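J.: What follows is a single structure, and I will ask about it in a moment.
The values are calculated or read from the model by the stated rules, or taken from the named source; none is laboratory data. Computed from a predicted structure; not experimentally measured. Please note: Cβ atoms are built from the backbone with ideal geometry, for glycine as well, and neighbour counts cover all protein chains shown.
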Amino acid sequence: MAERFSLPVATTFRCQDYIDNAHPNYGGVIGIAPLPELRRKVREEVDLLITVGSRFGEMTTQGYTLIDSPVPQMRFVHVHPGPEELGHVYAPDLSIVSSPANFLRAMLAQPTVQVADDDWISGFRADFEAFLKPTEVAGDLNMGEVIRHVSENLPNDTVYANGAGNYSVWLHRFHAHREYRTQLAPTSGSMGYSVPAAIAAKLENRNRTVVSVAGDGCFLMTSQEMATAKQYGLAIIYLVVNNGMYGTIRMHQERNHPGRVISTELQNPDFVTYANSFGIPGETVTRTDQFRDALSRAQASEDGYLIELQVDPEALTPTQSLSAARAGRAGNKGLTMIVEERIYSLNIGAVPLYLKQYEEEGLAIQRSILGRMVGYFSTEIGPLHQIVHLWAYKDLQERAERRARLTADPRWKEYALKTRDLQISQENKILIPAPFSPWANDDPALDLANNT
Ligand SMILES: Cc1ncc(C[n+]2csc(CCOP(=O)(O)OP(=O)(O)O)c2C)c(N)n1
Ligand SMILES: [Mg+2]
């Protein structure tokens, strides 16, 4: 259907295996920490959204910020087998009660039309391919490179099972699924899922390679089931991403209560000795370049194999370091968000009219282009007849790009002409949030608050 109608395709949380990720129309997953450009395009450029088989939970919608609720910013077609789901969260322009398979079959019987431009699709695809390139992270072992190696060297029908934790971000970002039903991961986000899920997958098909990917915390919740794997002769590859902590929870502690670390350090067993005690061989990897041979040994083992990946606790995610989380800064590069304050002095008595026009016409345009509105105010005491609005940006360059897009937008030009006569003067300031301030970080938590 994607090819017949020239449709760009994105998948939803935990459904990354619903299309061959190598397909030129595929552009990534909408879920936790998605590709920023994909998010922007859904917010700003997509004018028709066809959703097949998916509900709209918090993960898929990024806390209900990706798509305007209840009326989406774009034309919206929702296909779902359960009629109760249609219109439940978002108001569709067209609701279709159908299983995905029936819908796709019916669509293929329709005449061919070109929905999206070829250029748009190739740009969408190029963003995704660039996002697959490993980032630079702290320490000698780069999980991005490890997952790329796994992804490029294991068979296309390899099943990957993971539970919950920051470690899963590496797998979800850097592995490109090639076949349907190769991703086993809980939509509920429960830890401890990977080992039992891997056992079930291997029991179902012993000829397929099955990889359990777990953090140290996640693994220790159900790893005693290695005994079951051994009992049934299931040669599973276990990748244990050991950072010595419940990294995800530590990240939240550092962001919200910097330096106050409580009960997130883990006193771990020796994972290789532990696996050996079940009759499963294994080894520890501490550097990226050791991984290649370790994986070959894992593939050759008939008893399953555990690879303990000792990662630097600094490398929280592909784009966030522990010390940056603590310092309230964004990313490994140590960027800080900036906030622009714009104060407009208006003619006496013009505030209500200005706000009315802005709400009716300007708001939607500005919000979709500038992104993160921190607040919009009018003055009550002090200098009167002023409006004050604040917008957050990653950096000055992002601000310049977004402001340029706004200025160039014909809808904005038209709106600005209408309100120009109400304004007398304006004053702008660029502010840097204190580390403990909201908007100090560009991180997934902020993304939830992001009203783009
Ligand atoms: C059963 C269960 N308990 C608790 C949580 C909350 N939780 C989410 S991630 C996480 C820590 C995961 O630690 P680890 O597996 O070591 O992964 P890391 O974040 O360190 O990469 C916790 C406690 C959960 N999702 N599921
Ligand atoms: Mg951990």
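J.: Only one of (1) of a type in the set (D, E, K, R); (2) closer than 20 Å to Gln310 by Cβ; (3) surrounded by 13 or more Cβ atoms within 10 Å (Cβ to Cβ) is not met by Asp293, so which one is it?
T.: (3)
J.: Based on this model, can you work out whether Glu225 counts as more than 20 Å from Arg14 (Cβ to Cβ), surrounded by fewer than 24 Cβ atoms within 10 Å (Cβ to Cβ), without any contact (Cβ under 8 Å) to a residue 60 or more places away in the chain and away from ligand 1 (no atom under 12 Å from the Cβ)? Outline the logic, then answer.
T.: Values: more than 20 Å from Arg14 (Cβ to Cβ): yes; surrounded by fewer than 24 Cβ atoms within 10 Å (Cβ to Cβ): yes; without any contact (Cβ under 8 Å) to a residue 60 or more places away in the chain: yes; away from ligand 1 (no atom under 12 Å from the Cβ): yes.
Yes.
J.: Can you find a residue in region 60-76 that is over 21 Å from the mean Cα position of the chain (by Cα), assigned by TED's automatic domain parsing to the domain that holds Ala10, in a helix (DSSP H, G or I) and closer than 27 Å to Asn156 by Cα?
T.: Checked region 60-76: no residue is over 21 Å from the mean Cα position of the chain (by Cα), assigned by TED's automatic domain parsing to the domain that holds Ala10, in a helix (DSSP H, G or I) and closer than 27 Å to Asn156 by Cα.
J.: Further question: Among the residues of region 255-311, what is the count of those that are of a type in the set (Gly, Ala, Ser) and within 16 Å of ligand 1 (Cβ to nearest atom)? Let's see the steps before the verdict.
T.: Residues of region 255-311 of a type in the set (Gly, Ala, Ser): 259, 263, 275, 277, 279, 282, 294, 296, 298, 300-301, 304.
From what's left, within 16 Å of ligand 1 (Cβ to nearest atom): 263.
So the answer is 1.
J.: Looking at (1) over 30 Å from Leu49 (Cα atoms); (2) assigned to a helix (DSSP H, G or I), can you tell me which one Asn207 breaks?
T.: (2)
J.: While we're here: Which numbered condition in (1) in contact with a Ser or Thr (Cβ under 6 Å, 6 or more places away or on another chain); (2) not assigned by TED's automatic domain parsing to the domain that holds Val241 is the only one that Val272 fails?
T.: Unmet for Val272, out of (1) in contact with a Ser or Thr (Cβ under 6 Å, 6 or more places away or on another chain); (2) not assigned by TED's automatic domain parsing to the domain that holds Val241: (2).
J.: Return the residue satisfying two criteria in turn: it lies in region 196-210 and is surrounded by fewer than 24 Cβ atoms within 10 Å (Cβ to Cβ) and β-branched (Val, Ile, Thr), and of such residues it is farthest from ligand 1 (Cβ to nearest atom).
T.: Thr209
J.: Looking at (1) surrounded by 14 or more Cβ atoms within 10 Å (Cβ to Cβ); (2) in contact with a strand residue (DSSP E or B) (Cβ under 7 Å, 6 or more places away or on another chain); (3) within 25 Å of Leu406 (Cβ to Cβ), which one does Thr65 not meet, given that it meets all the others?
T.: Condition not satisfied by Thr65: (2).
J.: Kindly indicate which of Gly215, Gly192 is crowded, with 20+ Cβ neighbours inside 10 Å and within 25 Å of Glu58 (Cα to Cα). Break it down into steps so the answer makes sense when it comes.
T.: Details: Gly192 fails: crowded, with 20+ Cβ neighbours inside 10 Å.
Answer to the selection: Gly215.
J.: Looking for whichever is more than 19 Å from Thr286 (Cα to Cα), among the β-branched types (Val, Ile, Thr) and within 16 Å of ligand 2 (Cβ to nearest atom) here; the options are Val159, Val146, Val137, Val169. Which one fits?
T.: On the way: Val159 fails: within 16 Å of ligand 2 (Cβ to nearest atom); Val146 fails: more than 19 Å from Thr286 (Cα to Cα); Val137 fails: more than 19 Å from Thr286 (Cα to Cα).
On inspection, the qualifying residue turns out to be Val169.
J.: Only one residue in Phe5, Phe13 is in contact (Cβ under 8 Å) with a residue 40 or more places away in the chain and within 20 Å of Tyr160 (Cα to Cα). Which one? Spell out how you get there, then give the answer.
T.: Details: Phe5 fails: within 20 Å of Tyr160 (Cα to Cα).
Phe13 is the lone residue from the list that is in contact (Cβ under 8 Å) with a residue 40 or more places away in the chain and within 20 Å of Tyr160 (Cα to Cα).
J.: Still on this structure, I have one more. Please indicate, with yes or no, whether at least one residue in region 247-254 is within 16 Å of ligand 1 (Cβ to nearest atom), more than 25 Å from Met59 (Cα to Cα) and crowded, with 23+ Cβ neighbours inside 10 Å. Give the steps one after another, and end with the answer.
T.: Going through region 247-254, the residues within 16 Å of ligand 1 (Cβ to nearest atom) turn out to be 247-254.
Cutting the leftovers down to more than 25 Å from Met59 (Cα to Cα) gives us none.
Within region 247-254, not a single residue is within 16 Å of ligand 1 (Cβ to nearest atom), more than 25 Å from Met59 (Cα to Cα) and crowded, with 23+ Cβ neighbours inside 10 Å.
J.: Hey, does region 91-98 have a residue that's in a helix (DSSP H, G or I), surrounded by 15 or more Cβ atoms within 10 Å (Cβ to Cβ) and at pLDDT 95 or above?
T.: Taking region 91-98 first, the residues in a helix (DSSP H, G or I) are none.
No, the conditions are met nowhere in region 91-98.
J.: Okay, moving on. Could you please find all residues in region 73-83 being out of contact with any Pro (no Cβ under 8 Å at 6 or more places or on another chain) and either at pLDDT below 95 or under 17 Å from Arg43 (Cβ atoms) (or both)?
T.: Within region 73-83, Gln73, Met74, Arg75 meet the criteria.
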